[in-house]
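Inspection log for the structure reproduced underneath, given as structure tokens.
The values are calculated or read from the model by the stated rules, or taken from the named source; none is laboratory data. This is a predicted model, so every value here is computed, not measured. Because the Cβ atoms are built from the backbone with ideal geometry, glycine has one as well, and the counts that use them run over all protein chains shown.
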Amino acid sequence: MSQSVVGAIPPSEPAQGGAAPLEVARKIEGRSPWRLGAQRLAHDRAAMVSLAVIMIVVLMAIFAPVIASVTGHGPYQQFTTIGLSPSGQPVGPNSTFLLGTDDLGRDILVRIAYGARISLLVGVVATALTVVVGATVGITAGYFGKFTDTVLARFMDWLLAIPFLLFAISLVTVIGAGLAVVIIVIGLFGWASVGRVVRGQVLSIKEKEYVEAARSLGASPWRIMFIDILPNVIAPIIVYTTLLIPLTIVTEASLSFLGVGIPPPTADWGQMISESQSVYQYGAWWFLVFPSLALLITTLAFNIFGDGVRDAFDPRGDQLFV
């Protein structure tokens with residue numbers, strides 16, 4: 001009787017039973033939110049094309065001296081003989097000056113490459129300063145609440161109510177134009193929007209069970225804020241950062257266009273667009289078009305990539321920017 005029962009069990013079943021759970025486990029292997037977000041972003045064609053454009057702009061900025069060396073034209077070098085027409089007007093695109101020259105006979109291609117350095121430097125550094133200050137103030141206001149939250153929240157509302165561009169123009173005019181001044185003005189007076197977003201996230205996160213557990217174990221407020229809470233608001237911070245970089249680039253270009261940003265002769269896209277106003281109507285369209293295209297393509301690429309990051313890493317991100 002016992003032999004018939006044993007013989008009824010196929011000898012291969014234990015091996016199959018051991019292998020099947022392993023295969024199933026591999027199929028249902030857990031993936032972190034960051035890995036899922038990266039996979040969603042990698043399948044976003046528009047975001048990947050935008051990232052490629054951003055990398056081209058970054059490489060152009062890095063290798064600006066190489067471009068100047070290959071063309072034989074420095075960013076400040078004026079070619080008054082071959083770079084200007086007999087009437088003193090800029091020369092159009094040709095074999096010597098691929099994108100033409102400006103009103104002083106300088107190579108526009110070389111100056112656009114050097115201008116990319118300024119735009120990217122201001123965009124990244126000023127945005128980083130904005131995010132650091134905004135995240136710190138937002139976490140502090142959201143976690144401590146009560147009087148601290150009231151004071152900091154009203155201060156952020158006050159900053160958001162000020163016309164930022166007019167305030168920046170006034171401040172730069174008083175302090176003086178310069179790269180460091182532009183970065184500080186944009187960074188220190190543009191953080192309120194980041195602070196408000198982070199504050200809203202912290203107000204809901206601080207009531208979670210793991211925060212209460214850390215508090216009951218005697219963890220200090222600063223440890224809870226920056227060890228337990230901050231990692232859980234990194235996603236919206238990254239999303240907002242990618243969307244803030246193009247806004248910072250446009251702000252810097254606007255200040256330079258109005259003459260209170262990067263002082264000449266430093267190559268800057270906003271300054272080049274401003275200088276073209278006096279000559280483009282006489283036929284020098286390239287002086288206006290190419291710097292404008294550089295600014296448009298760069299900011300558009302950052303915006304599309306930022307939208308892709310938002311959709312990939314923070315599916316509820318639309319609620320943050322209402």
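Screening N94 against (1) surrounded by fewer than 17 Cβ atoms within 10 Å (Cβ to Cβ); (2) under 18 Å from V233 (Cα atoms); (3) more than 19 Å from the chain's Cα centre (by Cα); (4) modelled with pLDDT of 90 or more leaves a single unmet condition, (2).
Going through (1) without any contact (Cβ under 8 Å) to a residue 24 or more places away in the chain; (2) on the phi < 0 side of the Ramachandran plot; (3) loosely packed, with under 15 Cβ neighbours inside 10 Å one by one, G176 falls short only on (2). If only residues of the range 121-141 that are within 28 Å of P231 (Cβ to Cβ) and not β-branched (V, I, T) are counted, the one that is surrounded by the most Cβ atoms within 10 Å (Cβ to Cβ) is G138.
Any residue at all in the range 150-166 that is β-branched (V, I, T), modelled with pLDDT of 90 or more, in contact with a Phe, Trp or Tyr (Cβ under 8 Å, 6 or more places away or on another chain) and assigned to a helix (DSSP H, G or I)? Scanning the range 150-166, I find no residue that is β-branched (V, I, T), modelled with pLDDT of 90 or more, in contact with a Phe, Trp or Tyr (Cβ under 8 Å, 6 or more places away or on another chain) and assigned to a helix (DSSP H, G or I), so the answer is no. Against the numbered list (1) surrounded by fewer than 15 Cβ atoms within 10 Å (Cβ to Cβ); (2) in contact (Cβ under 8 Å) with a residue 60 or more places away in the chain, V53 comes up short only at (1).
What about I169, is it surrounded by fewer than 21 Cβ atoms within 10 Å (Cβ to Cβ), in contact (Cβ under 8 Å) with a residue 24 or more places away in the chain and more than 20 Å from V131 (Cβ to Cβ)? It is true that I169 is surrounded by fewer than 21 Cβ atoms within 10 Å (Cβ to Cβ), in contact (Cβ under 8 Å) with a residue 24 or more places away in the chain and more than 20 Å from V131 (Cβ to Cβ).
Put simply, of L255, L295, L288 the only residue that is touching a Phe, Trp or Tyr at 6+ places or on another chain (Cβ under 9 Å), under 20 Å from A126 (Cα atoms) and not hydroxyl-bearing (S, T, Y) is L295.
For the range 249-269, taking the residues that are aliphatic (A, V, I, L, M) and either touching a Pro at 6+ places or on another chain (Cβ under 9 Å) or assigned to a helix (DSSP H, G or I) (or both), the one that is surrounded by the fewest Cβ atoms within 10 Å (Cβ to Cβ) is identified as V250.
With the requirement that a residue be within 11 Å of D107 (Cβ to Cβ) and assigned to a loop (DSSP other than H, G, I, E, B), what does the range 73-92 give you? Across the range 73-92, the qualifying residues are H73, G74, P75, Y76, Q77, Q78, F79, I82, G83, V91. The condition of being over 30 Å from S193 (Cβ atoms) and part of a helix (DSSP H, G or I) holds for only one of V70, V124, V131, that being V70. Would you confirm, using the coordinates I've provided, whether W222 is touching a strand residue (DSSP E or B) at 6+ places or on another chain (Cβ under 8 Å) and in a helix (DSSP H, G or I)? It is false that W222 is touching a strand residue (DSSP E or B) at 6+ places or on another chain (Cβ under 8 Å) and in a helix (DSSP H, G or I).
Selection over the range 186-207 of residues that are part of a loop (DSSP other than H, G, I, E, B), more than 27 Å from T251 (Cα to Cα) and touching a residue at least 24 places away in the same chain (Cβ under 8 Å) gives a count of 1.
Conditions (1) touching a strand residue (DSSP E or B) at 6+ places or on another chain (Cβ under 8 Å); (2) farther than 27 Å from V250 by Cα; (3) of a type in the set (A, V, I, L, M), marked per residue:
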{"residue": "G37", "(1), (2), (3)": "no, yes, no"}
{"residue": "L41", "(1), (2), (3)": "no, no, yes"}
{"residue": "P65", "(1), (2), (3)": "no, no, no"}
{"residue": "R106", "(1), (2), (3)": "no, no, no"}
{"residue": "G115", "(1), (2), (3)": "no, no, no"}
{"residue": "S119", "(1), (2), (3)": "no, no, no"}
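In the range 56-80, of all residues being of a type in the set (V, I, T) and modelled with pLDDT of 90 or more, the one that is surrounded by the fewest Cβ atoms within 10 Å (Cβ to Cβ) corresponds to V70. Check off (1) modelled with pLDDT of 85 or more; (2) crowded, with 21+ Cβ neighbours inside 10 Å; (3) among the basic types (K, R) for R223 and give me the number that stays unchecked. With (1) modelled with pLDDT of 85 or more; (2) crowded, with 21+ Cβ neighbours inside 10 Å; (3) among the basic types (K, R) applied to R223, the lone miss is (2).
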